[in-house]
1. Has the stretch 10-20 got any residue that is modelled with pLDDT of 95 or more, among the aromatic types (Phe, Trp, Tyr) and either within 26 Å of VAL221 (Cα to Cα) or outside any strand (DSSP E or B) (or both)?
2. Of the residues GLY277, GLY311, GLY284, only one is surrounded by fewer than 16 Cβ atoms within 10 Å (Cβ to Cβ) and not aromatic (Phe, Trp, Tyr); which?
3. Looking at (1) open to solvent by 10 Å² or more (accessible area, probe 1.4 Å); (2) within 12 Å of the ligand (Cβ to nearest atom); (3) over 28 Å from PRO230 (Cβ atoms), find the lone condition where PHE148 falls short.
4. Would you confirm, using the coordinates I've provided, whether PRO127 is at pLDDT 95 or above and touching a strand residue (DSSP E or B) at 6+ places or on another chain (Cβ under 9 Å)?
5. When only residues in the stretch 17-38 that are over 25 Å from GLY152 (Cα atoms) and touching a Ser or Thr at 6+ places or on another chain (Cβ under 8 Å) count, which is surrounded by the fewest Cβ atoms within 10 Å (Cβ to Cβ)?
6. For VAL102, are the conditions met, namely being among the aliphatic types (A, V, I, L, M) and open to solvent by less than 50 Å² (accessible area, probe 1.4 Å)?
7. Inside the stretch 54-85, can you point out the residues that are of a type in the set (Gly, Ala, Ser) and more than 15 Å from the ligand (Cβ to nearest atom)?
8. What about SER240, is it more than 24 Å from the chain's Cα centre (by Cα), open to solvent by less than 70 Å² (accessible area, probe 1.4 Å), at pLDDT 95 or above and of a type in the set (Ser, Thr, Tyr)?
Amino acid sequence: MLALPIAHDIALQQFNTFGIPARARRYLRVEDPAQLAQLAADPALAALPRLVLGGGSNLLITHDEVDLLVLHMALAGKEIVGETPDAILVRAQAGENWHGFVQWTLEQGLGGLENLSLIPGTVGASPIQNIGAYGAETKDLFHSLTAFDFAGGTTRTMDAAACRFAYRDSIFKHEEGRQLAVLDVTFALPRAWAPNLRYAELARELEGIAEPTPRQVADAVIAVRRRKLPDPAEIGNAGSFFKNPVVSSEHCAQLLQSWPNLVHHLQPDGSEKLAAGWLIDQCGWKGKALGRAGVYPKQALVLVNNGGASGAEVLALARAIQADVQARFGVLLEPEPVMV
Ligand SMILES: Cc1cc2nc3c(=O)[nH]c(=O)nc-3n(C[C@H](O)[C@H](O)[C@H](O)COP(=O)(O)OP(=O)(O)OC[C@H]3O[C@@H](n4cnc5c(N)ncnc54)[C@H](O)[C@@H]3O)c2cc1C
């Protein structure tokens, strides 16, 4: 068997959308699942701490040197694999670009994923934080996935229950799931499609179109996102930097007394979800900078690399924002990107 082509001292700047100029001590571009099996079977390699890397769009690298074995998932391919009475099953390999995959499903005449258009990153990462936008989440269309388990060196199929999806969360972000690398994901796209226009901004974008097609909904999502979010190719960022915090109804009622304009959304369990961007904006951070890291002027939830920022600078900005929001509202903002 050929030795795995592990490279050393590899620049990661173009592999993370924040554009942090870090380097990886060890790096393997994974083009075949057999490489992972080979790695798991080698005791010295299997013992190394790992980072499974997709598009690097939900990642903050906080060290100049990443002392991990970076496994860059480049598995490619997408196909229609079957059907059920209600749905068509489509599968894509982990390294496929997410937006490219969504556009491909639309070209096949299949609706369902259009609200998730233009989210950066790979298909393999879509279940990790149960990506969501404009009233839709991975879990809504998810059928199953194949994962490689480094602990046993085996491959397993997981359904939605096994993935334990929640708001920007899944088993893969917890101890029990950290030994798993997603190899491919299968989605069940409905035969009976109806537009999901729960999001007022999306509905407004489609005003005047009585019965929008999946393509028209995707185009509307793309237009809204382009207006609101910075393009990582132009300005480094990882999208929303904080999750929207969930507080008790009592805490929310208390906050409303001082802040009648507080943005809040009642959750099915009676708790309230607050808008992290609104909280940050109230603390005066929108458009501000700390060193070379800053807060995007059009959206306070997005932290940006204003040019040459280190991961430590972005982290310092995030901590300053957390401290201000905590002091003013008694709410701890939890970062969305994974930190390494
Ligand atoms: C401009 C912008 C807008 C964004 N908008 C949204 C949005 O609307 N909604 C949203 O939910 N997110 C959004 N994001 C965040 C990001 O796009 C998603 O989280 C995306 O799924 C990350 O994919 P990735 O391949 O880049 O993952 P990476 O950043 O490479 O990895 C993220 C995490 O997933 C793990 N991982 C990656 N691939 C695998 C795999 N195959 N198996 C196991 N673990 C894996 C990594 O180890 C890491 O822990 C946005 C980001 C940007 C830059």
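1. Just the residues of the stretch 10-20 that are modelled with pLDDT of 95 or more, to begin with: 10-20.
Next, from what is left, pick out any that are among the aromatic types (Phe, Trp, Tyr): 15, 18.
If we keep only those that are either within 26 Å of VAL221 (Cα to Cα) or outside any strand (DSSP E or B) (or both) as well, we get 15, 18.
The answer is yes, given that some residue of the stretch 10-20 is modelled with pLDDT of 95 or more, among the aromatic types (Phe, Trp, Tyr) and either within 26 Å of VAL221 (Cα to Cα) or outside any strand (DSSP E or B) (or both).
2. Working: GLY277 fails: surrounded by fewer than 16 Cβ atoms within 10 Å (Cβ to Cβ); GLY311 fails: surrounded by fewer than 16 Cβ atoms within 10 Å (Cβ to Cβ).
Selected residue: GLY284, the only one of GLY277, GLY311, GLY284 that is surrounded by fewer than 16 Cβ atoms within 10 Å (Cβ to Cβ) and not aromatic (Phe, Trp, Tyr).
3. Result: PHE148 passes all but (1).
4. Details: at pLDDT 95 or above: yes; touching a strand residue (DSSP E or B) at 6+ places or on another chain (Cβ under 9 Å): yes.
For PRO127, the condition - at pLDDT 95 or above and touching a strand residue (DSSP E or B) at 6+ places or on another chain (Cβ under 9 Å) - is met.
5. PRO21
6. Working: among the aliphatic types (A, V, I, L, M): yes; open to solvent by less than 50 Å² (accessible area, probe 1.4 Å): yes.
Criteria met by VAL102.
7. Of the residues in the stretch 54-85, the ones of a type in the set (Gly, Ala, Ser) are 54-57, 74, 76-77, 82.
Once the filter is applied, which keeps residues that are of a type in the set (Gly, Ala, Ser) and more than 15 Å from the ligand (Cβ to nearest atom), the stretch 54-85 yields only GLY82.
8. On the way: more than 24 Å from the chain's Cα centre (by Cα): no; open to solvent by less than 70 Å² (accessible area, probe 1.4 Å): yes; at pLDDT 95 or above: yes; of a type in the set (Ser, Thr, Tyr): yes.
Against the criterion (more than 24 Å from the chain's Cα centre (by Cα), open to solvent by less than 70 Å² (accessible area, probe 1.4 Å), at pLDDT 95 or above and of a type in the set (Ser, Thr, Tyr)), SER240 does not qualify.
The values are calculated or read from the model by the stated rules, or taken from the named source; none is laboratory data. Fair warning: this is a prediction, and the values are worked out from it, not measured in the lab. Here Cβ is always computed from backbone atoms with ideal geometry, including for glycine, and neighbour counts include all displayed protein chains. We work out accessible area using only protein heavy atoms, side chains counted, and drop any ligands, DNA or RNA first. Shrake-Rupley method; radii C 1.70, N 1.55, O 1.52, S 1.80 Å.
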